[in-house]
1. So, Pro119, is that one at pLDDT 95 or above, out of contact with any Lys or Arg (no Cβ under 7 Å at 6 or more places or on another chain) and in the same structural domain as Leu240 (by TED's automatic domain parsing) or not?
2. Take the residues of the stretch 162-186 that are touching a residue at least 40 places away in the same chain (Cβ under 8 Å) and charged (D, E, K, R): which is nearest to His22 (Cα to Cα)?
3. Determine whether Ser216 is modelled with pLDDT of 95 or more, of a type in the set (Gly, Ala, Ser), more than 14 Å from the chain's Cα centre (by Cα) and farther than 17 Å from Val104 by Cβ.
4. Determine which single condition Cys220 fails, assuming it passes every other condition in (1) touching a Ser or Thr at 6+ places or on another chain (Cβ under 8 Å); (2) in a helix (DSSP H, G or I); (3) not small (Gly, Ala, Ser).
5. Being within 19 Å of Ala245 (Cβ to Cβ), assigned to a helix (DSSP H, G or I) and among the polar types (S, T, N, Q) is the filter here, so list the residues in the stretch 115-162 that pass it.
6. Quick one: which residue in Thr52, Thr83 is without any contact (Cβ under 8 Å) to a residue 12 or more places away in the chain and not assigned by TED's automatic domain parsing to the domain that holds Asp169?
7. Can you say whether Thr110 is surrounded by 22 or more Cβ atoms within 10 Å (Cβ to Cβ) and closer than 17 Å to Met17 by Cβ, as far as the supplied structure shows?
Amino acid sequence: MQTKLLSKNKQKLIRQMSLKKHRDELGLFLAEGPKVVGDLLGHFPCRLLAATAEWLEEHPEAKADEVVEVSADGLQQASLLKTPRDVLALFARPADSLENLAAVPARSLTLALDGVQDPGNVGTILRVADWFGIEDVFCSIDTADAFSPKTVQATMGALARVRVHYINDMEAFLSSLPKGVPVYGTFLDGDDVYRQPLSPHGVVVMGNEGNGISASVARCVNHRLLIPSFPPERPTSESLNVAIATAVVCAEFRRRQ
């Protein structure tokens with residue numbers, strides 16, 4: 001069978017998605033693999049879909065502005081992954097569709113990421129949010145880009161169901177929340193999460209991998225939580241990975257419901 005390759009211009013466009021400046025300028029993001037692409041199709045406008053003949057035959061309903069059939073070798077040349085599988089796609093990056101973001105935590109449980117810098121952690125947290133039915137995640141501007149290729153892969157399609165909002169001033173945003181909206185945060189000197197009352201709505205703030213929640217954002221937290229180690233007197237690791245800690249906290253919030 002004749003090898004089918006993407007044009008050099010298309011390959012260049014795909015590779016540009018590794019840099020945030022190009023993603024922002026073009027309003028695009030890259031997704032790769034059957035699971036991620038399959039979940040995102042239909043949720044975001046697809047500008048370019050490159051897939052093997054077998055994948056296209058199995059997904060006749062897949063729609064895009066441009067569909068290109070490629071061989072496995074052609075996919076390998078264009079992909080940013082070491083071992084690409086079957087399909088990749090360029091999607092239009094969504095615009096923030098909610099005008100009054102401060103009203104969202106008053107009616108539902110949300111997450112806020114304060115300087116979470118590892119793309120894998122951000123992607124996993126979005127996947128956790130999806131699992132526990134959390135539809136809105138607020139990110140400080142120094143949090144890793146949710147639409148970078150590494151983060152998109154780590155979400156495993158969660159971007160189809162979780163809205164991500166980047167906030168220029170997280171302290172100001174949290175301070176603008178309606179009166180009585182709880183703002184939770186995880187701290188090593190907080191109160192045992194398993195013994196504290198937890199609301200079905202509000203914001204749960206998760207901090208930077210090394211430094212935790214910043215001092216300015218910490219001032220907005222009115223419920224300081226601790227995930228206790230077990231047993232308490234046993235020597236243990238210094239802290240939990242932020243994505244794992246998010247999963248533990250979200251599980252406890254949902255268990256109460």
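1. Working: at pLDDT 95 or above: yes; out of contact with any Lys or Arg (no Cβ under 7 Å at 6 or more places or on another chain): no; in the same structural domain as Leu240 (by TED's automatic domain parsing): yes.
In short, no.
2. Checked the stretch 162-186; the qualifying residue nearest to His22 (Cα to Cα) is Arg163.
3. The answer is yes for Ser216.
4. (2) is the only condition that Cys220 fails.
5. Across the stretch 115-162, the qualifying residues are Asn121, Thr124, Thr151, Thr155.
6. Numbers: Thr52 fails: without any contact (Cβ under 8 Å) to a residue 12 or more places away in the chain.
It is Thr83.
7. For Thr110, the condition - surrounded by 22 or more Cβ atoms within 10 Å (Cβ to Cβ) and closer than 17 Å to Met17 by Cβ - is not met.
The values are calculated or read from the model by the stated rules, or taken from the named source; none is laboratory data. Just so it is clear, the structure is predicted and the values come from calculations on it, not from any experiment. In this analysis, Cβ positions are derived from the backbone assuming ideal geometry, glycine residues included, and neighbour counts consider all displayed protein chains.
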